[in-house]
1. I'm trying to understand the selection: among the residues of segment 87-102, which are over 20 Å from Q50 (Cα atoms) and surrounded by fewer than 18 Cβ atoms within 10 Å (Cβ to Cβ)?
2. Just to be sure, is A83 at pLDDT 95 or above, in contact with a Lys or Arg (Cβ under 6 Å, 6 or more places away or on another chain) and closer than 26 Å to G122 by Cα?
3. Collect the residues in segment 10-39 that are of a type in the set (A, V, I, L, M, F, W, C) and either out of contact with any Leu (no Cβ under 8 Å at 6 or more places or on another chain) or farther than 24 Å from G81 by Cβ (or both), keeping them in residue-number order.
4. Does segment 53-73 hold any residues that are among the polar types (S, T, N, Q) and in a strand (DSSP E or B), and which are they?
5. In segment 109-118, which residue that is out of contact with any Lys or Arg (no Cβ under 8 Å at 6 or more places or on another chain) and in a loop (DSSP other than H, G, I, E, B) is nearest to V95 (Cα to Cα)?
6. Give the number of residues within segment 119-153 that are assigned to a helix (DSSP H, G or I) and either of a type outside the set (G, A, S) or surrounded by 20 or more Cβ atoms within 10 Å (Cβ to Cβ) (or both).
7. Filter segment 58-77 down to residues that are hydrophobic (A, V, I, L, M, F, W, C) and within 13 Å of Y131 (Cβ to Cβ) and give me whichever is surrounded by the fewest Cβ atoms within 10 Å (Cβ to Cβ).
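The values are calculated or read from the model by the stated rules, or taken from the named source; none is laboratory data. These figures come from a predicted structure and were not determined experimentally. Using ideal geometry, Cβ is built from the backbone for each residue, glycine included, and neighbour counts are taken over all protein chains shown.
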Amino acid sequence: MVEPLSAKRWTELLAAIARLKHAESIEQVVDIVRTTARSIIRADGITVVQRFGNRVHYVAEDAMSPLWTGQDFPIERCVSGLAMLTQEPVLISNVMLDPRVPQELYAQTFARSMAMFPVGIGTPTAAIGAYWSRTGRIADETVTLLEALSRAMAGVLYNIETVDLVENYRAGERRAWGG
């Protein structure tokens, strides 16, 4: 029996969440999201964006042609920043008609529709962007899948960051006591 497309997508999402549970670094989390999100939501491109103060940095991508990996932008001048600042997903059915989209950045890319989801517990510190080469409404199931992935990523990042803080605190405490 052939598995329906919908069931296959949910199975892929659950497998990605299982891999995220075992990630021990932010780099591993980013790699898992980067390499699996595109197939889960049937996108032509995925970006992972990290917030640094009032700027956003595109840290990774999996796309049919290059997007913005390695570049950073003012948080208020890009859709990933908007998603983080409002703490809400941004769905854009036609990037060429939406005033929130910096046209100079998108004109030379394949991206014609997109979804951007903030990632973080409390204040978002990252975002997952999905891009399609066609215009049109983003399906409800795709939105739900991307939201679930972004929430899973947020929980894992929060745990990793908390462990790092505790380890750094303990290392500093040992130095202080030892010397």
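1. Passing the criteria: S93, N94, M96, L97, D98, P99.
2. Details: at pLDDT 95 or above: yes; in contact with a Lys or Arg (Cβ under 6 Å, 6 or more places away or on another chain): no; closer than 26 Å to G122 by Cα: yes.
Answer is no for this residue.
3. Initially, segment 10-39 is screened for residues of a type in the set (A, V, I, L, M, F, W, C), giving 10, 13-18, 20, 23, 26, 29-30, 32-33, 37.
Across segment 10-39, the qualifying residues are W10, L13, L14, A15, A16, I17, A18, L20, A23, V30.
4. Applying the first criterion (among the polar types (S, T, N, Q)) to segment 53-73 yields 54, 65, 69, 71.
None - no residue of segment 53-73 is among the polar types (S, T, N, Q) and in a strand (DSSP E or B), so the list stays empty.
5. We begin by selecting, within segment 109-118, every residue out of contact with any Lys or Arg (no Cβ under 8 Å at 6 or more places or on another chain); these are 109-111, 114-118.
Still in the running and in a loop (DSSP other than H, G, I, E, B): 109-111.
On the way: T109: 11, F110: 10, A111: 7 Å.
The qualifying residue nearest to V95 (Cα to Cα) is A111.
6. 13
7. Here is the first cut: in segment 58-77, the ones hydrophobic (A, V, I, L, M, F, W, C) are 59-60, 63-64, 67-68, 73, 75.
When the remaining residues are screened for being within 13 Å of Y131 (Cβ to Cβ), the result is 63-64, 67-68.
Details: A63: 22, M64: 14, L67: 20, W68: 21.
Here the answer is M64.
The rows are residues; the columns are (1) under 19 Å from the mean Cα position of the chain (by Cα); (2) modelled with pLDDT of 95 or more.
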{"position": "R112", "(1), (2)": "yes, yes"}
{"position": "V119", "(1), (2)": "yes, yes"}
{"position": "G122", "(1), (2)": "yes, no"}
{"position": "A127", "(1), (2)": "yes, yes"}
{"position": "L157", "(1), (2)": "yes, no"}
{"position": "Y169", "(1), (2)": "no, no"}
